[in-house]
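Participant: This structure is in structure tokens; I'll ask about it shortly.
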Amino acid sequence: MSLVLDHVTYRYPSSAESAGALAVRDACLELEPGSITLICGVTGSGKSTLLRLAAGLVTPDEGSVQVDGEPVKPAMVGMVFQRPESQLFADTVRQDVAFGPRNLGMPQEDALTLADDMLRSVGLDPAELGERSPFALSGGQARRVAIAGVLALQRRYLLFDEPTAGLDGAGKRFMRELFARLRADGIAIAVVSHDLDFMLPLVDRVALMRAGRVVWQGDAAGLVGDPYLFSRAGLRVPSLLAFQQDLGCMDGGLSLDVHRVAHWALDGFDAAGPLGHVHSHGCGDGED
Amino acid sequence: MAFQVPFGQYVARESALHRMDARAKLALLATYIFALFAFKSWYAMAALVALMLLAYGLGHIKASLAARALKPLILILLFTILVNGLTFRADSIPGAVALIRNFGIKPDGMLLGCFYALRICLLIFATSLLTFTTKPVALTDALTSILGPLRVLHVPVDDMATMFSIVLRFIPITAAQIDQVMTAQRARGANFDDGPLMQRLRALVPVLVPVFVGLFRRADDLACAMESRCYTGQGRTRLNVPVMRPVDKLVCALCLLACAALITMLILR
């Protein structure tokens, strides 16, 4: 049971000025239930196109995309686009969230009930906001409504394209809690993000892309242990890892808990607890 | 994936049309459109079609590119043909073929509808060729130059030219935005391709609302950004002042002559 991209290649359609560019080349990726995969790379490396291929929104020129053994079709996989709040359209928040289930044939009443549940699941009160216009919401609320609209499809595979773009600390905290909850529910998640400092502590696996190719993929711990892999994808080493490198502590000594540091950055020192500890040998004298 | 509307796009090529001064091209376009509406015979229309194909050849642009711009107009073209070709008085019109009681087809009207549809197609081809071969900035400068004398009548020429260039710039942006929203709604199970016409039209509501909201927001942001960079619309100078070459002047003179000939023909008709 997984979402598998098998040697997928995709070329953009040719335009008035140029032949179609190769966006994704021979990419392989597998999303497993209850895991979060981070896809990162420089702008134009093919990350968003890879997500669209995984969602069945574009058809690969070569290779295949399978969801639980079946060829992928639109709406088989949930996808949250960049700035999803800009795609809200309905008269009321409730109707907007119910749009997907209605398209899938769910009766109106059931879809609206589901919409209320989904609004609650993203921390919004349907009694308060359900009948409001989606255009009267704050930016953060609109983002949550848009995410609720995708969650309402009740898919086992969810794709997020730059989910933290433009979010403040509270918005990022919400995203982190959402990812944790979805993973605990056995949902397979793929996230395209440039926000490596935020995402790395949350994910299980990482795929690095460069010029349309997946140049490296593996456990997040493997990437954290070898920050030089980032340069293979043309990326800057995330500041937490760079900090650790600067301290010269990659081989022992002070070991920063990057998960805790990320937590601290969002929630404050007291909530996060100690940021790291010092081994008996190495570069520090004190504790924590 | 890409929802491409070629109308309004500039296509970089090395050609005589690309090198031609934008004012001369505007004069050519105006003359062509004048001729398009002045002539009423199929022979003249055939000559104008040939002229248009020749112009596309000169500009090194495939005519199929402009044909793509016609796709959204298919309904309008069909409506033009049908509204001229169908009648509710088939019994009293000579040559009409009755289908249901007095409702029927007028062969002459159908032919006239095709004539008007061809005229619309050529109009799109001609205006598309102008934007394919002229950069928006050059077009704006040309309009400012042509409309310049109206400043004495307090016509906001500079603002009009800026608005025109922004409109041209927004065409591909709007197309990209439509594509983006359609893809997002398709991911939520929306179906734009199947079903009866009314159902497909209804399916466009979830696309048009966010697109318009997004466009208004973008327009508002653009206005603020322009104001914050001290845009006033008045007294603007040009880094590169367009200069007409002798060949451009010759084209303008020929256009004037052609227009004069067309006016004479219309008066004498």
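Participant: Which numbered condition in (1) closer than 28 Å to residue A:78 by Cβ; (2) at pLDDT 85 or above; (3) outside any helix (DSSP H, G or I) is the only one that residue B:155 fails?
Facilitator: Of the numbered conditions (1) closer than 28 Å to residue A:78 by Cβ; (2) at pLDDT 85 or above; (3) outside any helix (DSSP H, G or I), the odd one out for residue B:155 is (1).
Participant: While we're looking at this one, here's another question. With the structure loaded, tell me whether residue B:138 is hydrophobic (A, V, I, L, M, F, W, C), in a helix (DSSP H, G or I) and within 12 Å of chain A (Cβ to nearest Cβ) or whether it fails that test. Walk me through it before giving the result.
Facilitator: Details: hydrophobic (A, V, I, L, M, F, W, C): yes; in a helix (DSSP H, G or I): yes; within 12 Å of chain A (Cβ to nearest Cβ): no.
No; evaluated as a whole, the condition is false for this residue.
Participant: In addition: Looking at (1) out of contact with any Pro (no Cβ under 8 Å at 6 or more places or on another chain); (2) at pLDDT below 95; (3) buried (at least 21 other Cβ atoms within 10 Å of the Cβ); (4) over 21 Å from residue B:206 (Cβ atoms), which is the one condition that is false for residue A:157?
Facilitator: Only one criterion in (1) out of contact with any Pro (no Cβ under 8 Å at 6 or more places or on another chain); (2) at pLDDT below 95; (3) buried (at least 21 other Cβ atoms within 10 Å of the Cβ); (4) over 21 Å from residue B:206 (Cβ atoms) is unmet by residue A:157, namely (2).
Participant: Still on this structure, I have one more. With assigned by TED's automatic domain parsing to the domain that holds residue A:144, over 19 Å from residue A:145 (Cα atoms) and buried (at least 20 other Cβ atoms within 10 Å of the Cβ) as the only criterion, which of A:178, A:208 stands out? Step through it out loud before you land on a result.
Facilitator: Details: A:178 fails: over 19 Å from residue A:145 (Cα atoms).
Step by step, each of A:178, A:208 is checked, and only A:208 is assigned by TED's automatic domain parsing to the domain that holds residue A:144, over 19 Å from residue A:145 (Cα atoms) and buried (at least 20 other Cβ atoms within 10 Å of the Cβ).
Participant: State which residue is modelled with the highest pLDDT when the search covers only segment A:130-139 and only residues that are among the small types (Gly, Ala, Ser) and loosely packed, with under 15 Cβ neighbours inside 10 Å.
Facilitator: A:133
Participant: Between B:223, B:184, which is hydrophobic (A, V, I, L, M, F, W, C), over 28 Å from residue B:25 (Cβ atoms), touching a Pro at 6+ places or on another chain (Cβ under 8 Å) and part of a helix (DSSP H, G or I)?
Facilitator: B:184
Participant: Please go through (1) at pLDDT below 90; (2) within 17 Å of the chain's Cα centre (by Cα); (3) outside any helix (DSSP H, G or I); (4) not β-branched (Val, Ile, Thr) for residue A:227 and return the number of the only condition it doesn't satisfy.
Facilitator: Among (1) at pLDDT below 90; (2) within 17 Å of the chain's Cα centre (by Cα); (3) outside any helix (DSSP H, G or I); (4) not β-branched (Val, Ile, Thr), residue A:227 violates only (2).
Participant: Check whether at least one residue in segment B:207-217 is facing another protein chain (nearest Cβ under 9 Å), touching a Lys or Arg at 6+ places or on another chain (Cβ under 8 Å) and closer than 26 Å to residue A:147 by Cβ, and report yes or no.
Facilitator: Looking through segment B:207-217, none of the residues is facing another protein chain (nearest Cβ under 9 Å), touching a Lys or Arg at 6+ places or on another chain (Cβ under 8 Å) and closer than 26 Å to residue A:147 by Cβ.
Every residue, every condition in (1) within 14 Å of chain A (Cβ to nearest Cβ); (2) over 14 Å from the mean Cα position of the chain (by Cα); (3) more than 30 Å from residue B:253 (Cα to Cα); (4) touching a residue at least 12 places away in the same chain (Cβ under 8 Å), yes or no:
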position: B:27; (1), (2), (3), (4): no, yes, no, yes
position: B:33; (1), (2), (3), (4): no, no, no, yes
position: B:64; (1), (2), (3), (4): yes, yes, yes, no
position: B:73; (1), (2), (3), (4): no, no, yes, yes
position: B:92; (1), (2), (3), (4): no, yes, yes, no
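Participant: Please enumerate the residues belonging to segment A:91-105 that are buried (at least 20 other Cβ atoms within 10 Å of the Cβ) and either touching a residue at least 40 places away in the same chain (Cβ under 8 Å) or outside any helix (DSSP H, G or I) (or both).
Facilitator: A:93, A:96, A:97, A:98, A:99, A:100, A:101
Participant: Could you please find all residues in segment B:37-93 being over 16 Å from residue B:118 (Cβ atoms), in a loop (DSSP other than H, G, I, E, B) and either acidic (Asp, Glu) or out of contact with any Asp or Glu (no Cβ under 9 Å at 6 or more places or on another chain) (or both)?
Facilitator: B:59, B:61, B:62, B:88, B:89, B:90, B:91, B:92
Participant: Which one of these is more than 18 Å from residue B:121 (Cβ to Cβ), loosely packed, with under 14 Cβ neighbours inside 10 Å and at pLDDT below 95: B:19, B:23?
Facilitator: Values: B:23 fails: loosely packed, with under 14 Cβ neighbours inside 10 Å.
Being more than 18 Å from residue B:121 (Cβ to Cβ), loosely packed, with under 14 Cβ neighbours inside 10 Å and at pLDDT below 95 holds for just one of B:19, B:23, which is B:19.
Participant: Could I ask something else about it? Just the residues that are surrounded by 14 or more Cβ atoms within 10 Å (Cβ to Cβ) and either aliphatic (A, V, I, L, M) or farther than 27 Å from residue B:264 by Cβ (or both), please, taken from segment B:27-50.
Facilitator: If the condition is that a residue be surrounded by 14 or more Cβ atoms within 10 Å (Cβ to Cβ) and either aliphatic (A, V, I, L, M) or farther than 27 Å from residue B:264 by Cβ (or both), then B:27, B:28, B:29, B:30, B:33, B:35, B:36, B:38, B:45, B:48, B:49 are the ones that fit.
Participant: Restricting to segment B:190-220, and then to whatever is surrounded by 19 or more Cβ atoms within 10 Å (Cβ to Cβ) and in a loop (DSSP other than H, G, I, E, B), can you tell me which residue is nearest to the chain's Cα centre (by Cα)?
Facilitator: It comes out as B:203.
Participant: I would also like to ask the following. Among the residues of segment B:124-173, count how many are in contact (Cβ under 8 Å) with a residue 60 or more places away in the chain, among the β-branched types (Val, Ile, Thr) and over 22 Å from residue B:232 (Cβ atoms).
Facilitator: 6
Participant: Could you identify the single residue in B:130, B:99 that is not in a helix (DSSP H, G or I) and not charged (D, E, K, R)?
Facilitator: B:99
Participant: Okay, next question. Which residue is nearest to the other protein chains (Cβ to nearest Cβ), if the candidates are limited to segment A:40-89 and must be under 14 Å from the mean Cα position of the chain (by Cα) and assigned to a strand (DSSP E or B)?
Facilitator: A:79
The values are calculated or read from the model by the stated rules, or taken from the named source; none is laboratory data. These numbers were taken from a predicted model, which means no experiment stands behind them. So basically every Cβ, Gly included, is an ideal-geometry build from the backbone, and we count neighbours across all protein chains shown.
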